[in-house]
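Below is one structure; the comments refer to it alone.
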Amino acid sequence: MEIQLNAVFWFTLMIFVATYAIIISEKIHRTVAALAGAVLLILLGIITQEQAVEGIDFNTLGLLIGMMVIVTIAKHCGMFQYVAILASRLGKGKPLPIFIMLGFITAIFSAFLDNVTTVLLMVPVMFVVANNLKVNPKPYLIATILLSNIGGAATLIGDPPNILIGSAAELSFNDFLVNVAPIAFLVAIITTGLLVIWYRKEFVVKPEAQAAIMKFNPNEAITDKTLLLKSLIVLGIVLLGFLTHGATHLEGATIALTGAVLLLLLTLNEPDHHLKEVEWTTIFFFIGLFILVVGLEHVGVIRFLAEQLLQATGGNMVLTTLSILWGSAVLSAAVDNIPFVATMIPLIKDIGALSGLNLTPMWWALALGADIGGNATIIGASANVVVSGLAQKDGVPIGFWEYMKIAVPMTLIGITLCSIYVYFRYLI
Amino acid sequence: MEEKKFYVKDFMSTRQISIKKTATLKEAVAVMITEKTNGLVVTNGENNIAGIISSWDIVKHVVPDYLENEDHLSSFEAEAVFTSRVNEVANDSIENFMTKNVHTAHPSDTLMEAAAILAEHGIRQLPVIDENKKYIGYINRTDIKRAIGDILNIN
């Protein structure tokens, strides 16, 4: 089909760019902006309501909602805090081992929880531990940001862009575990190592601080043992569901919502409260984006961009994949990675349709670039914004440039490692 | 027997315990301690109500944000943090953490009106303002209780 570069094409593109600009400027809430753009496309007859609804990926939404319900219930038992406090105990009150362990825990939590949930759990731990150690909390907070984004890249459920990619490209939890987790793990180790070198002067052992940490009794963090047991059972079932869904062909949403319903049944709580805690604003943001992207696809903007990208790279596999990786990293540092990935997914599908290239490496490149690229600036990902907000309120402001000075080199090194990995594993 | 009417003006207290909005946390705590009260009306220069500050607002301001909604971690916080936090926020302007959305009553309001507001919002006292919106006193749950006693002929 020939793309018509007509008025409708340009007008749709204009609506889309304007919506993006408003989202970046934060003048209007991103959810309202995305929904306004989506509704406008339907009102103007550029797409029909049926086309809009067809474009909504209910698998992504179901997976997000299911995981949100599970986590909002499970976090009340204190198990995540238990693990973090236990690590501080095991670190014997020495700032360096505690820093490494808490960083590692952040990455692991983030691989299974949403990044924002992870930082909301970890920031209080970091403050409490740093206060007890009588050390500067800043290195711990910066590590929380960097490692939550890196850890989030590791699995299908670690970061919303991965859920989008997995759902659209039909990639399983294990596909992510085998292909993305190893490099995410390596980047996490290298990043932690570099942070340790960078902040080496901050890790001073103080005997009285050591004594304070050694008094920690992790069991005090567990506020509800029955809930702990129920949550562990449900999380175990959900994890098992994801590990086997390549074989069982259950979709992500089915697994997550099964877990959510099971936990609701087990706790027999008033569902009102737990369902209210679901981040509906985020869910509606996704809905708006899906519809906007349908509009772009429908008038041929996505196809047009795919053609331009293929032309620029000459249809070369290595060049195309690495441009996706670096392009995603740079753009995710500046804009929210969710709208970016939502737009890139149909674009990559079109690249496949136009060129017949193998798309799998491109999906990994997109996930790695979008997830890890968000580390570069303090506004690059939602987790960064949340941490800097809390830090600011509690008297440890992290400056925009101050953050970039450490985060940009870290991100460059991370993305370079990803490039080497993707190149040697998939492109030669 | 003629039925007695109950108005705010008959039960309110005209004692004014207020503080200027430019005051600091330390000054507010000092006034609360000397006045033996947990709530102060915050006024601007012209005796107009700018807000209310309660010891509740002060407690919440002293607790760092990262410990709010964190019942799992507060027992692990370093002992020195309470003292250092109090000293850290001592000179913060009360304007930054007072309750700005204040419900008020007029002397001519019925007691039921005032009681309904107290009940709906679970608050202890309502500042009373005159027709020029100037702060002239307050009515609290103890005053309402007195009125209930009146009706029930309890002395």
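Read-outs: derived from the displayed coordinates by stated rules, not from any lab. Keep in mind that this is a model prediction, so the values were computed, not measured. Don't worry about glycine lacking a Cβ; one is built from the backbone with ideal geometry, like all the others, and counts go over all protein chains shown.
Taking all pairs of distinct Cα atoms, average 1/r, flip it, and tell me the Kirkwood hydrodynamic radius of the protein assembly as shown in Å to one decimal place.
27.1 Å
Which value in deg cm²/dmol, rounded to the nearest 500, describes the helix-derived mean residue ellipticity at 222 nm for chain A, given -39,500 (n - 2.57) per DSSP H run of n ≥ 4 and division by the residue count?
-25000 deg cm²/dmol
Could you work out the local net charge near A:Gly374, counting Lys and Arg as +1, Asp and Glu as -1, over the other residues with Cβ closer than 13 Å to its Cβ?
Residues close to A:Gly374 contribute a combined charge of -3.
If I take R0 = 35 Å and measure r between the Cβ atoms of A:Leu266 and A:Asn217 in this structure, what FRET efficiency does the formula 1/(1 + (r/R0)^6) give, to the nearest 0.05?
The calculated FRET efficiency here is 0.80.
Pairs of alpha-carbon atoms within less than 8 angstrom and 6+ residues apart define the contacts here; what relative contact order does chain A have, in percent?
It comes to 24 percent, rounded to a whole number.
Which angle between 0 and 90 degrees, to the nearest 10, do you get for helix A:58-74 versus the longest principal axis of chain A when only C-alpha atoms count?
It works out to around 10 degrees.
What does the charge add up to near A:Phe290, with Lys and Arg as +1, Asp and Glu as -1, over the other residues with Cβ less than 15 Å from its Cβ?
In short, -3.
HN-Hα J couplings of the stretch A:321-331 from phi, Karplus 6.51/-1.76/1.60, θ = phi - 60°, integer Hz, Gly and Pro as x?
5, 5, 5, 5, 4, 6, x, 5, 5, 5, 5
Report ³J(HN,Hα) in whole Hz for each residue of the stretch A:257-273, in order, from the Karplus equation J = 6.51 cos²θ - 1.76 cosθ + 1.60 where θ = phi - 60°; Gly and Pro get x.
Result, rounded to whole Hz: 5, 4, x, 4, 5, 4, 5, 5, 5, 5, 8, 6, 7, 4, x, 3, 4.
Take every Cα pair under 8 Å in the stretch A:140-294 that's 6+ residues apart, average their separations, divide by the length, and report that relative contact order as a whole percent.
19 percent
For the stretch B:8-151, compute Rg over Rh where Rg is the Cα radius of gyration and Rh is the Kirkwood radius from the inverse mean 1/r over Cα pairs.
Looking at the stretch B:8-151, the ratio lands at 1.04.
Could the peptides A:36-47, A:389-400 be put in order, highest first, of the mean number of other beta-carbon atoms found within 10 Å of their residues?
A:36-47, A:389-400
Using a Gaussian network model of chain A with C-alpha springs under 10 Å, which one of A:Asp159, A:Asp272, A:Asp336 is most mobile by mean-square fluctuation?
Top of the fluctuation ranking is A:Asp272.
Any idea what the dipole of chain A comes to, in debye rounded to 20, about its Cα centre with Lys/Arg Cβ at +1 and Asp/Glu Cβ at -1?
1680 debye
Given the peptides B:89-95, A:118-124, arrange them by the average over their residues of other C-beta atoms within 10 Å, most packed first.
Those peptides, ordered most packed to least, come out A:118-124, B:89-95.
Please work out the Cα center distance from the stretch A:235-282 to the stretch A:108-144, rounded to the nearest Å.
26 Å
For the stretch B:8-151, what is the charge dipole size about the Cα centre, in debye to the nearest 20, if Lys and Arg each add +1 at the Cβ and Asp and Glu each add -1 at the Cβ?
540 debye
Once you average over the residues of A:389-396, how many Cβ atoms of partner chains fall within 10 Å of each Cβ?
Per residue, the average neighbour count from other chains is 3.
Starting from the amide H of A:Asn269, placed 1.01 Å from N in the peptide plane, find each other amide H under 5 Å away whose residue is 5 or more places distant or on another chain.
Correct list: empty.
Using modelled amide H (1.01 Å from N, peptide plane; none on Pro or chain starts), what sits under 5 Å from the amide H of B:Thr43, excluding residues fewer than 5 places away?
Counting only residues 5 or more places away or on other chains, the set is B:Ile19, B:Lys20, B:Lys21, B:Ala50.
Placing +1 on the Cβ of each Lys and Arg and -1 on the Cβ of each Asp and Glu in the stretch A:287-428, which of A:Gly288, A:Val387, A:His298 has its Cα farthest towards the positive end of the resulting dipole?
A:Val387
Percent relative contact order of chain B, based on C-alpha pairs within less than 8 angstrom and at least six residues apart?
Result for chain B is 32 percent.
For chain B, build the charge dipole from Cβ charges (+1 Lys, Arg; -1 Asp, Glu) around the Cα centre, then report which of B:Ile53, B:Met32, B:Val86 sits farthest towards its positive end.
B:Met32
Residue by residue through the stretch B:66-83, what is 3J(HN,Hα) from phi via Karplus (6.51 cos²θ - 1.76 cosθ + 1.60, θ = phi - 60°)? Round to whole Hz and write x for glycine and proline.
5, 9, 5, 6, 10, 6, 7, 10, 4, 6, 9, 4, 4, 4, 5, 5, 4, 4
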